[in-house]
Amino acid sequence: MDINQARTFLEVASCGSFIMAAERMHVTQTAVSARIRSLEQQLGRQLFVRNKAGARLTSAGERFMRHAATMVQVWERARHQVALPPGRDDAVSIGCELSLWQPLLGDWLIRMSRDCPEIALRAEVDSPARLLDAVHDGSLDLAVLYNPPQRPGLASELLAEEKLVMVTTRADGQMHADTYVYVDWGPSFAANHQAAYPELSSPPVSISLGPLALVYLLEVGGASYFRIGSAQPYLDAGLLYRVRDAPEFSHSAYAVYAAQRDNTTLDRARACLREVAERIK
C-alpha cells in the first residue's frame, strides 16, 4: 500500500463520507473510492459500510485505524528528518489557533530557540479543525487549541485554564441586546451561550476574532464575552466593566498530540509549552 491510501482511509473515517473526504483532499470521489477499494483488496477485509448516509467503519476498519495513523505519522516524521537543515539534529512542528500565538506560541518559539538550538522549529497558525487534521495525519507534531474535541488516537494535555467573561463598556454593568457583540469562541462556547442566552441567538454584530471584537467594542461600545486575561487590563483601567450576574464559561488551552508518539524531542517541546503556559498565567 502507499501512504495516500492510509491518508484517504483516515480522512473517510474522520468525516464519515467519501464525498466530504474527496473535497477535503482536493481529489475526485472516484480517486477516493479507488484508493479504499485497493486498500481493502490488499488487506482482504471490508473497511467501510457504504450507505446513503455516508460511510462507517466495519470492525476490521476500527482495528486498522491505529495502524493507519501510525503509518502516516511515521512517514511524516521520516520526511521531516530527511529534510533537516544543516546543524540540526531533530525537528518539531507546532500549530495553534490565531488567538493563541501571542504570547504562548511566541514565547515558546523564543524559549525553544534559546534552550534547544539543535532542534529545527516550524510553527503554523490555522483553524482548529485543520490543526487537528494535521496532528492526526502526522504533518504537525502538536497543536495548541482551546477546548479541543476528542479524537481517536490523539491525546490532550491541559496547559492553562481560563475563563470567558461578559464585559461591557457601560459603567452600570448592564448588557443590552441591541448593542451585544457575539464573538465566536468555538463550538463549546456556542452551545453554552445558546443555552444561557437563547434571546441572543441573532445578535446585531458577530465577529470571529477576539482581538478584532475587542477593538470594535472599545470604540463603538456594547457588551461581549472575552478571555479574562485579555479583558483584565481594560477592567483595571476602567474602560470595561463586568456584566452583573453573567455566567462564566471555561476556555482552557490544551496541547494535542498523537497518543502513540514516544519521542524525546516532542517531550521537550511539550515540557517547554507547560513552562511557558505556567509563566504567563
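The values are calculated or read from the model by the stated rules, or taken from the named source; none is laboratory data. Just so we're clear, the structure is a prediction, and the values are computed from it rather than from any experiment. Note that we place each Cβ from the backbone using ideal geometry, even for glycine, and neighbour counts take in every protein chain shown. What goes into the accessible areas is simple: the full protein's heavy atoms, side chains included, and nothing from ligands, DNA or RNA. Shrake-Rupley method; radii C 1.70, N 1.55, O 1.52, S 1.80 Å.
Quick look at the values:
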item	result
Carbon + sulfur, % of accessible area of the range 163-250 - ligands and nucleic acids excluded, 1.4 Å	53
Probe 1.4 Å - accessible area at residue 176, Å² to nearest ten	80
Solvent exposure ordering (accessible area, 1.4 Å, most first) of 101, 108, 185	101, 185, 108
Bridge type composition, the chain - antiparallel percent by DSSP, nearest 5	65
Mean accessible surface per residue for the range 142-227, computed with a 1.4 Å probe while every protein chain stays in place, in Å²	47
Top of 159, 100, 218 by mean-square fluctuation, Gaussian network on the chain, Cα under 10 Å	218
Cα-centred dipole magnitude for the range 1-81, charges only on beta-carbon of K, R (+1) and D, E (-1), debye, nearest 20	120
Alpha-carbon centroids, the range 82-118 and the range 9-31: separation in whole Å	31
Which labelled figure in (1) 1.04; (2) 0.95; (3) 0.93 is Rg/Rh (Cα atoms, Kirkwood Rh), once derived from the coordinates	(1)
Gaussian network model of the chain, Cα within-10 Å springs - most flexible of 143, 190, 171	171
With every protein chain in place, the range 1-149: carbon and sulfur % of accessible area (1.4 Å)	55
Listed residues 79, 7, 66 arranged by accessible area, highest first, probe 1.4 Å	66, 79, 7
The chain - charge dipole about Cα centre, Lys and Arg +1 at Cβ, Asp and Glu -1, debye rounded to 20	900
Accessible surface, 1.4 Å probe, highest first, among residues 166, 25, 20	20, 25, 166
Sequence-distant residues sharing a close amide H with residue 243 (under 5 Å, placed H)	166, 167, 168
Accessible area expressed per residue, the range 3-63, with surrounding protein chains retained (probe 1.4 Å, Å²)	56
0 to 90° range, to nearest 10: angle between helix 187-196 axis and the chain longest Cα axis	40
Accessible surface of residue 250 - all protein chains present, 1.4 Å probe, nearest 10 Å²	80
